[in-house]
Amino acid sequence: MSNRKSKNSNLLHGECISQVQRTLRERFCHQTPHSNLFGVQVQYKHLIELLKRTALHGESNSVLIVGPRGSGKTTLINHSLKELMEIEEVSENVLQVYLNGLLQINDKIALKEITRQLHLENVVGDKVFGSFAENFSFLLEALKKGDRTSSCPVIFILDEFDLFAHHKNQTLLYNLFDISQSAQTPIAVVGLTCRLDILELLEKRVKSRFSHRQIHLMNSFGFPQYVKIFKEQLSLPVEFSDKLFSEKWNENIQSLSEDKSVQDVLLKHFNVSKDLRSLHMLSMVALNRVTVSHPFLTAADLMEAAQLCSMDSKANVVHGLSVLEICLIIAMKHLNDIYEEEPFNFQMVYNEFQKFVQRKAHSVYNFEKPVVMKAFEHLQQLELIKPVERTSVNSQREYQLMKLLLDNTQIMNALQKYPNCPTDVRQWATSSLSWL
């Protein structure tokens, strides 16, 4: 009987852990409008006012949201639209069109996507239009309901806005901004971009039709606010099914956020990047450690997660190289020290390697030149070295100029962790990097 009880409690516990994983991963991976906004309340108020004027009063507007990646541009627009759609008058009337510069790579594709999102494929049918503007105005005309004065407000969200500026003649932007300036269908154009010089990319005729409203997001919060965000992001919501477990989990997160070692990890992360995506990545890696037998996060989990997130990928590649390839990298570094970062070719590296072999003939095997060449090419495939200029068909491979993409510190750290590295090879590396 007791075995059955413990089995049932384990099963419930397992379901609880699965729900925790699902809830928090959804929060970290998707910019859900249910999560809180951090440090952008002023910008949020500005944007929601702008959208309400379009949705409720039929006033056309255009605005650009500018900020680095991960600063919360998409979260800001999602929150604003969620609040807007909660107004009954708006939810029945307003249409939304999402375009992305990475997907809609020219105006023709963008127009097809607008037609699809506005459900107007049957209206356009097989009609032939003389120009983009004519087609676009026909689409907007089709949205007019009842008399010509009242029509559905349309909100256009243009993600990666700077890529739309590279379209031929910027026709889409011109027509969108032109309509937002005239007394036609009420539209709001919201552009999201990372580029501060975005207005420089716009043509004169496009720029003159843009309202020049810009909302800047710059992650202006300090470290105490960052710790608070960390705590909020890892806390379980009130509506979580198991109230007792939820309380214990939240108490654990509270004590974690006050832990000195956790604060040190967060401070290091904060100093590298204030980007909330990197904080989500750290939390996600730590969350993977949570299991039925280990149901709560610990400081050790976060420290291990921080180590994994800040791992040097190139140094990790060096750990998996053969001794010959390690020798070639040390030879390249030796050449860099002698010739002060000047490019080198295979022949120079091979000569340097031969000198080392002759000195240490008893401990290092002397490989044949084609084998060394193969190892050299493998380093190029791993992108640890790269050609200085494009390769021509006639040029000999041995004399093609190369550049090393590792620095001295990375090489020394990799050699210290390299399993069974010959002592002579390690000494050769230290002698060639003696200035470190």
Q) Pairs under 7 Å by beta carbon, first residue within 12 Å of Ser241 (Cα to Cα) and open to solvent by 60 Å² or more (accessible area, probe 1.4 Å) in the range 7-21, partner at pLDDT 85 or above and among the acidic types (Asp, Glu), six or more apart or different chains? A) none
(Q) Pairs needed: first member in the range 412-430, free of Cβ contacts under 8 Å to residues at least 40 places away in the same chain; second member anywhere, surrounded by fewer than 15 Cβ atoms within 10 Å (Cβ to Cβ); C-beta distance under 6 Å; at least 6 residues apart or different chains. (A) none
Q. What do you reckon, is Ala331 part of a helix (DSSP H, G or I), buried (at least 19 other Cβ atoms within 10 Å of the Cβ) and within 22 Å of the chain's Cα centre (by Cα)?
A. no
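On the given criteria, is Met373 touching a Phe, Trp or Tyr at 6+ places or on another chain (Cβ under 7 Å) and either part of a helix (DSSP H, G or I) or assigned by the TED database to the domain that holds Leu406 (or both)? Write out each step before concluding.
On the way: touching a Phe, Trp or Tyr at 6+ places or on another chain (Cβ under 7 Å): yes; either part of a helix (DSSP H, G or I) or assigned by the TED database to the domain that holds Leu406 (or both): yes.
Spelling it out, Met373 is indeed touching a Phe, Trp or Tyr at 6+ places or on another chain (Cβ under 7 Å) and either part of a helix (DSSP H, G or I) or assigned by the TED database to the domain that holds Leu406 (or both).
One line per residue, one yes/no per condition, for (1) on the phi > 0 side of the Ramachandran plot; (2) out of contact with any Leu (no Cβ under 7 Å at 6 or more places or on another chain):
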residue	(1), (2)
Met284	no, yes
His294	no, yes
Ala305	no, no
Glu341	yes, yes
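Yes or no: Val349 surrounded by 13 or more Cβ atoms within 10 Å (Cβ to Cβ), in contact with a Pro (Cβ under 7 Å, 6 or more places away or on another chain) and in the same structural domain as Gln396 (by the TED database)?
Working: surrounded by 13 or more Cβ atoms within 10 Å (Cβ to Cβ): yes; in contact with a Pro (Cβ under 7 Å, 6 or more places away or on another chain): no; in the same structural domain as Gln396 (by the TED database): yes.
The answer is no for Val349.
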**Q.** Pick from the range 91-122, criterion open to solvent by 100 Å² or more (accessible area, probe 1.4 Å) and part of a helix (DSSP H, G or I), ranking: farthest from Pro153 (Cα to Cα)
**A.** Lys108
Q: Scan the range 150-162 and report the pairs whose first residue is modelled with pLDDT of 90 or more and whose second residue is hydroxyl-bearing (Ser, Thr, Tyr) and crowded, with 20+ Cβ neighbours inside 10 Å, with Cβ atoms within less than 8 Å and a gap of 6+ or a chain change.
A: Ile155/Thr54; Glu160/Thr193; Phe161/Thr193; Asp162/Thr193
Q) Is there any pair with a first residue in the range 210-235 that is closer than 15 Å to Glu251 by Cα and a second that is not in a helix (DSSP H, G or I) whose Cβ atoms are under 7 Å apart and which are 6 or more apart or on different chains, and what are they? A) Glu232/Asn36
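Inside the range 402-417, can you point out the residues that are touching a Pro at 6+ places or on another chain (Cβ under 8 Å) and either open to solvent by 70 Å² or more (accessible area, probe 1.4 Å) or of a type in the set (S, T, N, Q) (or both)? Spell out the reasoning first.
Quick first cut of the range 402-417, residues touching a Pro at 6+ places or on another chain (Cβ under 8 Å) only: 402-403.
Lys403 - this is the single residue of the range 402-417 that is touching a Pro at 6+ places or on another chain (Cβ under 8 Å) and either open to solvent by 70 Å² or more (accessible area, probe 1.4 Å) or of a type in the set (S, T, N, Q) (or both).
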Q: For the range 309-320, state whether one or more residues are surrounded by fewer than 17 Cβ atoms within 10 Å (Cβ to Cβ) and farther than 30 Å from Ala286 by Cβ.
A: no
Q | Count of the range 71-90 residues which are outside any helix (DSSP H, G or I) and either open to solvent by less than 10 Å² (accessible area, probe 1.4 Å) or of a type in the set (S, T, N, Q) (or both) | A | 1
Q) Just one of the numbered conditions (1) among the polar types (S, T, N, Q); (2) in contact with a helix residue (DSSP H, G or I) (Cβ under 9 Å, 6 or more places away or on another chain); (3) open to solvent by less than 80 Å² (accessible area, probe 1.4 Å) is not true of Asn288; which one? A) (3)
Q) surrounded by fewer than 16 Cβ atoms within 10 Å (Cβ to Cβ) and at pLDDT below 90, is that true of Asn366? A) yes
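It is to be established whether one or more residues within the range 316-325 are charged (D, E, K, R) and part of a loop (DSSP other than H, G, I, E, B).
If we filter the range 316-325 for residues that are charged (D, E, K, R), which is where we start, we get 325.
Pick out the ones that are also part of a loop (DSSP other than H, G, I, E, B) and you get none.
No: the range 316-325 contains no residue that is charged (D, E, K, R) and part of a loop (DSSP other than H, G, I, E, B).
The values are calculated or read from the model by the stated rules, or taken from the named source; none is laboratory data. The model shown is predicted, which means the values in this text are computed figures rather than measured ones. In this analysis, Cβ positions are derived from the backbone assuming ideal geometry, glycine residues included, and neighbour counts consider all displayed protein chains. Calculation scope for accessible area: heavy atoms of the full protein, side chains included, ligands and nucleic acids excluded. Shrake-Rupley method; radii C 1.70, N 1.55, O 1.52, S 1.80 Å.
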